[in-house]
Amino acid sequence: MSANDVQAISALNVRVWYVEGGVHPTRSPSLLSLGKFSTDPSQAIGEQTRITAPDPNAFNRDIQVGTVQGAEERATLAVGIRTTPQRSLLIDWKNKRCRVDFYALMGKCGNPQDFTEGGEKWVYFPDGRISNHGYENFGAYGSDENNPTNEMVDASSDGYWEYLYMKQEAIGGSVTTREIYTVDVYTGNDCENCPEPCDRVLCAMAGASATPGTKPTILYSADGGETWSSQTITTLFSNEDVADGVVIGSDIVYVSNISNSIHYTNIELLYDSTNTWQESTSGFVLNKGPRAISSADARHSWVVGDGGYVYFVKNHKVGVEVQDAGVVTTQNLNSVHAMDILRVLAVGNSNAVLYTTNGGVSWLSVTGPAVGVALGACWMWDATTWFVGEGAGGNGRLWLTVNSGRTWTQVGLPSSYLRIDKIVFISDAEGYISARTGGTSIILRTITAGAEWVTLPQGKRAVAVENSYLRDVAVCSKFTNTAFAAGLADNGTAGVILKMTN
Amino acid sequence: MMQNVEWKDPETGRMYETMQDGDQRMVIGPPEGLVDNLSLPEPFATNLHNALYRRKLFTYKQVTANHKNLIGALQEALSLDAQILTEAFYNFEKEEVPT
């Protein structure tokens, strides 16, 4: 792109959108009519302060032996509106003292009243809090003093970041010779020097059970999918599947329904080619094999599987322990999401919805949204607000509860689908869904906590990558506008990995 | 030498954990005839027996130590749980509504 192609944004290309109460699956953003950002947003992220020591080579001098990161502050901004005879929204915000999230919708030639597709870029200000309200030009002695009356609120937010249009491209075409079961991203560890969170992509590829058989393989990239390496998962047999995968600590951990076990290796050693694969079988019950895994942190993960079995994983290298032995339900469980170390949601066949709020000390069931339908995906957005997607044999509907499953409402999606394979959020606002239609999967994205969904890729000239289905989706950072999806290519035999980024 | 061996009664299809030494076999559990005392019809009696076997519920102590596991065994034996029963109610009432 040359400098002449760049269309710089000006102040009039920016519109203020807000969500009173903060982003939530039940609240869509609204345009702030006659409004603008009245003070430019900014955020101090903390200065580095020197850690010094006496200079060993000179008296009266010191040397820097390290730095201390200063405190990160909340972002500040202000929005203003022209005062009109109508009820003042800004005074309401001041008086209610509720959270108000803001979006700056930027565009040059779209429709500023179309939040999802009218602009070209969004800047999101989460957890907005009003700190001050004021008027401007509230009175005049005469016409010489007469000016438009305005009002404004000062606010702070928990930082801010951008959302951009997302394209879609197939990556790893030369190595994806068979179906890709899972895709995961290793975001790095704290000691790395400025790691790119989306660079290390890990995919589990199916084996081939024909004689003599090819074992399942891990495909891994260190550059966001530009180039790939592969390694056999030596602990799996050629006919054994990878039902799901997750990064726990610095390990990639796979569960296999057929082998009824966990398979894992260290990711950093994998990239050094010095790793070995290990298998944990301890704790798994015969014929109650795993189907999905979710991890809250390195010491709290959950595996769900056949017969309604729920396993707790304190240390994947040691094994699992049964937390619910098909007591709450005997249905096969297809998906699990651990929101934190206490709250976990799982769904399965025949409308089974299970949850715990005490780390699995007790599991409870609620009546799911679709009687008799297999549920295939779930996400615990907060303790009481859950997304559930219909799985194989269902009608591809996405359901939402805001009261821990007492009532359910269907979420509006851009089209109708056959089944939901995956639901994943990277922040409160940004999430992705893989939904199957007849013969292909579509990736949907929200930046409004699931209140509104758009089909990827975005943009008038964007073309979706053909596929048979996409069973897994991975995200890496709320700042990167990047997601990956994986599954079966449209020829029905090869695998496909999609990268969605701006 | 005595060995722990899984054994399936060829007549009843019931699974047992046994200690075996050559032709000698001693049942560890589930107790033989336990489910027959419950007056359950077949195949539920055998289903329950095998569910107890799979869950290693062999003694009173094991059963009382993990009561939930016992409920799981019952559900498994009957191939019935809250979800299936809910679905049955739903379908029954749907059929009753005149169109």
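The values are calculated or read from the model by the stated rules, or taken from the named source; none is laboratory data. Note that the coordinates shown come from a computational prediction; the quantities given were computed from them, not determined experimentally. Glycine also receives a Cβ, built like all others from the backbone with ideal geometry; neighbour counts cover every protein chain displayed. To get the accessible areas, we keep the full protein, side chains included, count just its heavy atoms, and leave off ligands, DNA and RNA. Shrake-Rupley method; radii C 1.70, N 1.55, O 1.52, S 1.80 Å.
Worth pointing out:
- Screening residue A:397 on (1) open to solvent by less than 20 Å² (accessible area, probe 1.4 Å); (2) touching a Ser or Thr at 6+ places or on another chain (Cβ under 9 Å); (3) among the charged types (D, E, K, R) shows it passes everything except condition (1).
- Counting only residues that are open to solvent by 40 Å² or more (accessible area, probe 1.4 Å) and in a loop (DSSP other than H, G, I, E, B), segment A:110-138 holds 9 of them.
- Count - residues of segment A:139-156 that are more than 22 Å from residue A:123 (Cα to Cα) and assigned to a strand (DSSP E or B): 2
- Within segment A:192-211, one or more residues are among the hydroxyl-bearing types (Ser, Thr, Tyr) and over 28 Å from residue A:480 (Cβ atoms).
- Residue in segment A:293-304 that is within 14 Å of another protein chain (Cβ to nearest Cβ) and crowded, with 22+ Cβ neighbours inside 10 Å present: no
- Complete set of residues in segment A:91-109 that are of a type outside the set (Lys, Arg) and in a loop (DSSP other than H, G, I, E, B): A:98, A:107, A:109
- Subset of segment B:47-99 [over 18 Å from residue A:333 (Cβ atoms), among the charged types (D, E, K, R) and either facing chain A (nearest Cβ under 10 Å) or not in a helix (DSSP H, G or I) (or both)]: B:56, B:94
- Restricted to segment A:195-212, and to residues there that are open to solvent by 40 Å² or more (accessible area, probe 1.4 Å) and over 22 Å from the mean Cα position of the chain (by Cα), the residue that is nearest to residue A:257 (Cα to Cα) is A:209.
- Scanning segment A:420-446 for residues that are touching a strand residue (DSSP E or B) at 6+ places or on another chain (Cβ under 8 Å), surrounded by fewer than 23 Cβ atoms within 10 Å (Cβ to Cβ) and more than 25 Å from residue A:477 (Cβ to Cβ) returns a single hit, A:440.
- Just so you know, in segment B:29-46 the residues that are in a helix (DSSP H, G or I) and of a type in the set (A, V, I, L, M, F, W, C) include one that is nearest to the other protein chains (Cβ to nearest Cβ), and it is B:44.
- Test result for residue A:94, of a type in the set (D, E, K, R), closer than 19 Å to residue A:160 by Cα and surrounded by 12 or more Cβ atoms within 10 Å (Cβ to Cβ): no
- Note on segment A:400-414: residues that are among the hydroxyl-bearing types (Ser, Thr, Tyr), within 29 Å of residue A:117 (Cβ to Cβ) and open to solvent by 20 Å² or more (accessible area, probe 1.4 Å) amount to 1.
- Just one of the listed residues (B:11, B:6) is within 14 Å of chain A (Cβ to nearest Cβ), without any contact (Cβ under 8 Å) to a residue 60 or more places away in the chain, charged (D, E, K, R) and loosely packed, with under 11 Cβ neighbours inside 10 Å, and it is B:6.
- Here A:80, A:46 are screened, and the one residue that is surrounded by fewer than 13 Cβ atoms within 10 Å (Cβ to Cβ) and either farther than 18 Å from residue A:151 by Cα or at pLDDT 95 or above (or both) is A:46.
- Among the residues of segment A:213-244, the ones that are assigned to a loop (DSSP other than H, G, I, E, B) and either touching a residue at least 12 places away in the same chain (Cβ under 8 Å) or buried (at least 21 other Cβ atoms within 10 Å of the Cβ) (or both) come to 20 in all.
- Contacts under 7 angstrom Cβ, first residue in segment A:46-63 being closer than 30 Å to residue A:74 by Cβ, partner open to solvent by 100 Å² or more (accessible area, probe 1.4 Å) and of a type in the set (D, E, K, R), 6 or more apart: A:46/A:72
- Strands (runs of 3 or more DSSP E) contained in segment A:316-424 and holding at least 2 residues closer than 19 Å to residue A:305 by Cβ and more than 10 Å from every other protein chain (Cβ to nearest Cβ): A:319-325, A:333-338, A:344-348, A:352-356, A:375-380, A:386-390
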